[in-house]
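Structure first, then comments.
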Amino acid sequence: MLVGKIIGTVTATRKDEALVGAKLLVTQPLDMEGNAKDHPIVAVDTVGAGVGETVLYVSGSVAPFAVRKKDVPVDAAIVGIIDRIDLQKP
Amino acid sequence: MLVGKIIGTVTATRKDEALVGAKLLVTQPLDMEGNAKDHPIVAVDTVGAGVGETVLYVSGSVAPFAVRKKDVPVDAAIVGIIDRIDLQKP
Amino acid sequence: MLVGKIIGTVTATRKDEALVGAKLLVTQPLDMEGNAKDHPIVAVDTVGAGVGETVLYVSGSVAPFAVRKKDVPVDAAIVGIIDRIDLQKP
Amino acid sequence: MLVGKIIGTVTATRKDEALVGAKLLVTQPLDMEGNAKDHPIVAVDTVGAGVGETVLYVSGSVAPFAVRKKDVPVDAAIVGIIDRIDLQKP
Amino acid sequence: MLVGKIIGTVTATRKDEALVGAKLLVTQPLDMEGNAKDHPIVAVDTVGAGVGETVLYVSGSVAPFAVRKKDVPVDAAIVGIIDRIDLQKP
């Protein structure tokens, strides 16, 4: 899983019918210090995440498990709102 | 999911029989500001996307879900036409 | 899917029994202008591709679908011979 | 599989219900000499790994197999505590 | 599939029970000329590969197919010992 920050939303009227009603959030991957890394991706939300929140998200073919519908064509899903990251002092 | 722009088409007469009739579109990945990033890929279309349109696409083993046929060897599929991306001001 | 050029063959006598008889082709990924990008990979062929041909190939866990055998450990498969790529003038 | 070092923990109260009770560990990928490479990821633990330990972890859609629950949206899982890496002298 | 060279072994006493008895080999990815590229990974062996041998390996969720056990959390598996790579002269 990766850590990301929700930075926006995507609107798509014409879409795969399995995605109707899905909340599509622009998610900026972060490193563990909270700095942006790589380009943002679009993830489906099922935990009620909002813009500005720091989240945990999955990528790939496990993403449909978060949607609780079989055979949904999504490859990224938000699975948690992060409260705290505790890093060991090196 | 990633955002991309349809920039062309691929024609392949000899192909896996599960791909017969599939529309194969050259898709340029974009960042959230609409700039090209990375190399284009080829995605199967099921939402009626056309050249010049900005789309949402999935990669990997969830792509066959968009085709609604089991066991189709496709690893990228267009799942929506994007109307709008709203980004939070940083 | 990605575009590639067949540049060689791999011979492996000792191999997973599900791969016996499989044609293993060295495939150089290309960008849409036909230039080599990244390192070559090895893909299984099921469409009769030969050295020098430009092909469409899939990666990941959809590759076994091209082989039409379940549970075959292959992660790249050639699914078409490309006749033509038409790119929109920017 | 990759080698990593556990460097922290992630706490997420609001999360996918399949993740309730899951131990989420920040894992720094290492090269075979033990140097950090790439950015840390978050992996679910099922072997009792602790901060500071060197582990073996899997990525992608095989990660749920480690959790022994079907359809869990996790894409990285710790599958072993490494005792020793023996490298051949070049 | 990718080409690699076996350069070592990994020992992990505490591990996922599905991995008990698995041979875990440190595998250095090679380009088609035999030069090292990227960082080594750890792959499970089922074809009797040994240190120093050049192998073909798969990555991702097809790796369990090589192990012939369902639901094993492995994401890389050696599927052949390479005898020869024949490259077309450019």
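Per-structure values
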| item | result |
| --- | --- |
| Qualifying residue in the range D:63-81 (condition: under 16 Å from A:Ala66 (Cα atoms) and of a type in the set (Lys, Arg)) | yes |
| Which numbered condition B:Thr13 fails, given (1) open to solvent by less than 50 Å² (accessible area, probe 1.4 Å); (2) facing another protein chain (nearest Cβ under 8 Å); (3) not small (Gly, Ala, Ser) | (1) |
| Tally, over the range C:47-79, of residues that are free of Cβ contacts under 8 Å to residues at least 40 places away in the same chain and open to solvent by less than 30 Å² (accessible area, probe 1.4 Å) | 8 |
| Residue, surrounded by the most Cβ atoms within 10 Å (Cβ to Cβ), within the range A:28-46, restricted to residues that are over 23 Å from D:Val62 (Cα atoms) and in contact with a Lys or Arg (Cβ under 7 Å, 6 or more places away or on another chain) | A:Gln28 |
| Count of the range D:80-90 residues which are facing chain E (nearest Cβ under 7 Å) and surrounded by fewer than 20 Cβ atoms within 10 Å (Cβ to Cβ) | 6 |
| Output for the range E:6-57, where each listed residue is touching a helix residue (DSSP H, G or I) at 6+ places or on another chain (Cβ under 9 Å) and β-branched (Val, Ile, Thr) | E:Val44, E:Thr46, E:Val47 |
| Residue list for the range E:19-50, restricted to those being of a type in the set (A, V, I, L, M, F, W, C) and either under 14 Å from the mean Cα position of the chain (by Cα) or at the interface with chain D (Cβ under 7 Å from one of its Cβ atoms) (or both) | E:Leu19, E:Ala22, E:Leu24, E:Leu25, E:Val26, E:Leu30, E:Ile41, E:Val42, E:Ala43, E:Val44, E:Val47, E:Ala49 |
| Among the candidates C:Asp71, C:Asp75, C:Asp38, C:Asp45, residue that is farther than 25 Å from C:Gly21 by Cβ and acidic (Asp, Glu) | C:Asp38 |
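The values are calculated or read from the model by the stated rules, or taken from the named source; none is laboratory data. Note that the coordinates shown come from a computational prediction; the quantities given were computed from them, not determined experimentally. Heads up, the Cβs are rebuilt from the backbone with ideal geometry, glycines too, and the neighbour counts pull from every protein chain shown. Note: accessible area is taken over every heavy atom of the protein model, side chains too, but ligands, DNA and RNA are not part of it. Shrake-Rupley method; radii C 1.70, N 1.55, O 1.52, S 1.80 Å.
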